[in-house]
Amino acid sequence: MGFLKRVREEIAVIRERDPAIHSSMEVFLYPSFKVMLHYRLAHKLYLKKHYFLARWVSQRGVRKTGIEIHPGAQIGKGFFIDHGHGVIIGETTIIGDNVTLYQGVTLGGTGKECGKRHPTVGNNVMISAGAKVLGSFKIGDNSKIGAGSVVLEEVPAGSTVVGVPGRVVKRNNQALPQEEMDQINLPDPVKEDIAGLQRENSELANRILELEASMRELRRQMRTEQEKT
């Protein structure tokens, strides 16, 4: 893809997903736009094994934006980082198409192992602010990772993951339209568990009241029988 076509694509992606952008000229000030220009050049140099130059270009992007994308990472079309300061993307990360990351997201490894050591992120995935995805596994297509979650194992397609460690709390296997990319209104597993316990407690309390009423009625009947005799 030519440079100008790539620039137009980056502008279109940012304008589509960020309502705070009011003109195409504003996009040129946007950290996501700047870092992706640096990444695309650094990635080309990396593929040609110009590792030092690739790192040099990449680090210039880090200093300007606060977003660190390793030149070796593979990123698809329609990638967007919203308020991306603190985002870190490791060397062997693979990111599909139409993925959105928010500030403070880490796509990292769990140690100094060799080979594929960073996540593979599928298409149409949203990873919310502060989430950490650590290890070599896949985040399935059309999934959502809640803010502050720590994901340490594979996520099936169409899932919503929240918590530390992250766990699947919803699965629908449906595509994730842009209007549904909401990182706030996610299920709360702790709240759901407490609500479940409250329902069970209420049911037990009602059962005890029923048993006590039955015992009182039984005692009344026994007294009535005794009086008759």
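The values are calculated or read from the model by the stated rules, or taken from the named source; none is laboratory data. Predicted, not measured: the structure shown is a model, and the values here were computed from it. Cβ coordinates were reconstructed from backbone atoms using ideal geometry, including for glycine residues, and neighbour counts include every protein chain displayed.
Output the residues belonging to segment 64-77 that are of a type in the set (D, E, K, R) and either assigned to a loop (DSSP other than H, G, I, E, B) or touching a residue at least 40 places away in the same chain (Cβ under 8 Å) (or both).
Taking segment 64-77 as the starting set, the residues that turn out to be of a type in the set (D, E, K, R) are 64, 68, 77.
Across segment 64-77, the qualifying residue is only Lys77.
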Out of Ile21, Ile11, Ile88, sole residue that is under 26 Å from Gly111 (Cβ atoms), out of contact with any Phe, Trp or Tyr (no Cβ under 6 Å at 6 or more places or on another chain) and among the β-branched types (Val, Ile, Thr): Ile88
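Step by step: first the residues of segment 119-140, then only those that are assigned to a loop (DSSP other than H, G, I, E, B) and without any contact (Cβ under 8 Å) to a residue 40 or more places away in the chain, then the one that is surrounded by the fewest Cβ atoms within 10 Å (Cβ to Cβ). Which residue is that? Break it down into steps so the answer makes sense when it comes.
Step one: filter segment 119-140 for residues assigned to a loop (DSSP other than H, G, I, E, B), giving 119, 122-125, 128-131, 135-137, 140.
Checking the rest, the ones that are also without any contact (Cβ under 8 Å) to a residue 40 or more places away in the chain come to 119, 122, 130-131, 135, 137, 140.
Working: Pro119: 27, Gly122: 22, Gly130: 17, Ala131: 26, Gly135: 18, Phe137: 15, Gly140: 20.
So the residue we want is Phe137.
If only one of Asn201, Asn206, Asn173 is of a type outside the set (Gly, Ala, Ser), surrounded by 11 or more Cβ atoms within 10 Å (Cβ to Cβ) and either assigned to a helix (DSSP H, G or I) or at pLDDT below 85 (or both), which one is it?
Details: Asn201 fails: surrounded by 11 or more Cβ atoms within 10 Å (Cβ to Cβ); Asn206 fails: surrounded by 11 or more Cβ atoms within 10 Å (Cβ to Cβ).
Of Asn201, Asn206, Asn173, the one residue that is of a type outside the set (Gly, Ala, Ser), surrounded by 11 or more Cβ atoms within 10 Å (Cβ to Cβ) and either assigned to a helix (DSSP H, G or I) or at pLDDT below 85 (or both) is Asn173.
Checking the conditions here, which among Val62, Val35 is in the same structural domain as Ile139 (by TED's automatic domain parsing) and buried (at least 20 other Cβ atoms within 10 Å of the Cβ)?
Values: Val62 fails: buried (at least 20 other Cβ atoms within 10 Å of the Cβ).
Result: Val35 is the single residue among Val62, Val35 that is in the same structural domain as Ile139 (by TED's automatic domain parsing) and buried (at least 20 other Cβ atoms within 10 Å of the Cβ).
Condition first: assigned to a helix (DSSP H, G or I), aromatic (Phe, Trp, Tyr) and either assigned by TED's automatic domain parsing to the domain that holds Thr106 or loosely packed, with under 14 Cβ neighbours inside 10 Å (or both). Can you find one or more residues in segment 20-32 that meet it?
So in segment 20-32, the residues assigned to a helix (DSSP H, G or I) come out as 24-27, 31-32.
When the remaining residues are screened for being aromatic (Phe, Trp, Tyr), the result is none.
Looking through segment 20-32, none of the residues is assigned to a helix (DSSP H, G or I), aromatic (Phe, Trp, Tyr) and either assigned by TED's automatic domain parsing to the domain that holds Thr106 or loosely packed, with under 14 Cβ neighbours inside 10 Å (or both).
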Is it the case that Gly61 is outside any strand (DSSP E or B), within 23 Å of Leu4 (Cβ to Cβ) and in contact with a helix residue (DSSP H, G or I) (Cβ under 6 Å, 6 or more places away or on another chain)? yes
If we keep only residues of segment 43-72 that are of a type in the set (Gly, Ala, Ser) and out of contact with any Gly (no Cβ under 7 Å at 6 or more places or on another chain), then the residue nearest to Ile11 (Cα to Cα) is Gly61
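Please work out if Arg8 is among the basic types (Lys, Arg), more than 21 Å from Ile139 (Cβ to Cβ) and surrounded by fewer than 16 Cβ atoms within 10 Å (Cβ to Cβ).
Details: among the basic types (Lys, Arg): yes; more than 21 Å from Ile139 (Cβ to Cβ): yes; surrounded by fewer than 16 Cβ atoms within 10 Å (Cβ to Cβ): yes.
Against the criterion (among the basic types (Lys, Arg), more than 21 Å from Ile139 (Cβ to Cβ) and surrounded by fewer than 16 Cβ atoms within 10 Å (Cβ to Cβ)), Arg8 qualifies.
Quick check on Ala12: is it part of a loop (DSSP other than H, G, I, E, B), in the same structural domain as Lys116 (by TED's automatic domain parsing) and either among the small types (Gly, Ala, Ser) or touching a helix residue (DSSP H, G or I) at 6+ places or on another chain (Cβ under 7 Å) (or both)? Give the derivation first.
Details: part of a loop (DSSP other than H, G, I, E, B): no; in the same structural domain as Lys116 (by TED's automatic domain parsing): yes; either among the small types (Gly, Ala, Ser) or touching a helix residue (DSSP H, G or I) at 6+ places or on another chain (Cβ under 7 Å) (or both): yes.
No; evaluated as a whole, the condition is false for this residue.
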